[in-house]
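Read through the structure below, which is laid out as structure tokens, and then see the notes.
The values are calculated or read from the model by the stated rules, or taken from the named source; none is laboratory data. Bear in mind the structure is a predicted one, so any value in this text is a computation, not a measurement. Cβ placement follows ideal geometry from the backbone for every residue including glycine, while neighbour counts extend to all protein chains displayed. Accessible surface is based on the protein model in full, side chains and every heavy atom, while ligands, DNA and RNA are left aside. Shrake-Rupley method; radii C 1.70, N 1.55, O 1.52, S 1.80 Å.
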Amino acid sequence: MFSMVDYYNDMGQFEQDSAAKSSPTTATDLDHVTKVIAYHPRYFNHFLKTQRFVMQSDGPLPYDYRNYIAIIAAARHKCTYLVNLYEDVFVANGGDPKWLNGLEHIPAKLRAIADINKILAHRPWLLNKTHVERLTKGQNSWSLSEVVHAIVLLAHFHSLSSFVFSCGLTQELDAVTSHKVENNNTLTQKTAFDSLDDLYNAQQPLELLPQHADDGNIRPEVTVDALMQRMKRLSEKNDECSETELSNRFKHVEMQTAELPAVVREAPTEVPQQIGRYVDDPSFMYQDFARRGAENIPQTFRIQDYSWDDHGYSLVNRLYNDVGFYLDDKFRAAYNLTYYTIAGRKNVDTSKFRRAIWNYIQCIFGIRHDDYDYGEVNQLLDRSLKMFIKTACCFPERITKLDYDNVLVELQHSEKVHINLMILEARNQAELLYALREIMRYMT
């Protein structure tokens, strides 16, 4: 699927470059989540470079702020694994242990970011330039560069929490890790890949499993062969839709999404005390962007009006030097990643399937790609996959190992991880688009 020789050559050079600089302790080197991301070396390298840049390299925010922001971002989704991990890193880098007692024990300036953390994590469309203005005015004010650095960190760790849960890792990680940062910077084939068998146990059989019965509708998933036929048919179709028809198809998928339940096996538990001390207003959660009969539905975010390529990339780079290069490379690596295989079939063009997943994720957050035919979403993503994606984006803490096992059961683990990487990055980009648009509005 990929060349391990190329991987280790690339990683060896990267480790040499990283070792040349003195930097604070990081959680990326050998933590178990990073090992799972290493299933895909072409993406993995960009992930490591980005996370190390925003957490360790020169930047507007001090290191204790960076690690604490990682903690409170992960806490919004009850991601105990990341919270524990970054508590350790926070202390290892000289952070004040009193801060770990809760939000009331941190500086007023840092406390002021909690509102943006809450909104970005659950309803990013509610963010407006007033939130930015509050941070940058008055006593303990933030510079715009600091605001951008904080937002990049919040979006990163919200979406990384989605990845942790969507891979079904939390139950295994609670059992097999001590959540301590390992002091070894060498990724070997054994540590990076063999341990995944311990996390995932045996590969699932290829026969189809029934969809969960949470919504009372039990039916098998679409087979990979049927999916391949649909992708091929869509690739050969040359029909063009009017702008009105494209808009109507987006609205149809958006409304369907709002009526789609999350995969929930039991009522959500209360926020654990360990997590609760980092969470204000725990009842503030995701609400569907477009709900039938709802009043004051937010205006759709149109990529035509504000896109990453044309607007967000240059703004974030201007306010936080070079971070845009890292983010852009990471987004592109996740979006374009392909081995031209699926479930053992070779020479398969999966671009239609991958684009449907990416655009559906951003549709959940009210973002519309104007030139995309959202009719393809309903042809390529079946109901169980949509439920999984919605839950991973909006209620990741509700996903269990069983949910991971029972979606797209014909796919290999690396292919499921690939889909979860798209969930991570499409969500990350969606949060950044909302935040950067409001920063631009504030500046103008």
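A crude spin-label estimate for the pair residue 251 and residue 273, with each label 7 Å from Cα along the Cβ direction, gives 5.1 nm.
At the residue level, residue 305 shows approximately 90 square angstrom of accessible surface with a 1.4 angstrom probe and all protein chains present. Projected label points at residue 129 and residue 244, each 7 Å from Cα along the beta carbon direction, are separated by 3.4 nanometres. At the listed q of 0.11, 0.19, 0.22, 0.25 Å⁻¹, the Debye profile of segment 349-444, built from one uniform point per Cα, gives log10 I(q)/I(0) equal to -0.35, -0.94, -1.20, -1.45. For residue 352, the solvent-accessible surface with a 1.4 Å probe is about 50 Å², rounded to the nearest 10. Couplings 3J(HN,Hα) for segment 94-100, derived from phi with the Karplus relation 6.51 cos²θ - 1.76 cosθ + 1.60 (θ = phi - 60°), are x, x, 5, x, 4, 4, 6 Hz, where x marks Gly and Pro.
Measuring nothing but protein heavy atoms, the accessible surface of segment 342-414 at 1.4 Å probe radius is 44 percent carbon and sulfur. At 1.4 Å probe size, with no ligands or nucleic acids counted, give the accessible surface of residue 223 in Å², nearest ten. Roughly 50 Å² of residue 223 is accessible to a 1.4 Å probe. Sort out for me the Cα centre separation of segment 37-73 from segment 365-381, rounded to whole Å. The two parts, judged by their Cα centres, are 30 Å apart.
Within the shell defined by Cβ-Cβ distances under 14 Å, the residues around residue 235 carry a net charge of +2, with Lys and Arg each +1 and Asp and Glu each -1. Once the Cβ-Cβ distance of residue 108 and residue 305 is raised to the sixth power relative to R0 = 45 Å, the FRET efficiency obtained is 0.80. Computed from label points 7 Å out along Cα-Cβ, the spacing between residue 137 and residue 237 is 5.0 nm. Quick one: which of 78/416; 330/390; 352/416; 237/390; 78/98; 35/118 span more than 25 angstrom between C-alpha atoms? Over 25 Å apart, Cα to Cα: 237/390; 35/118.
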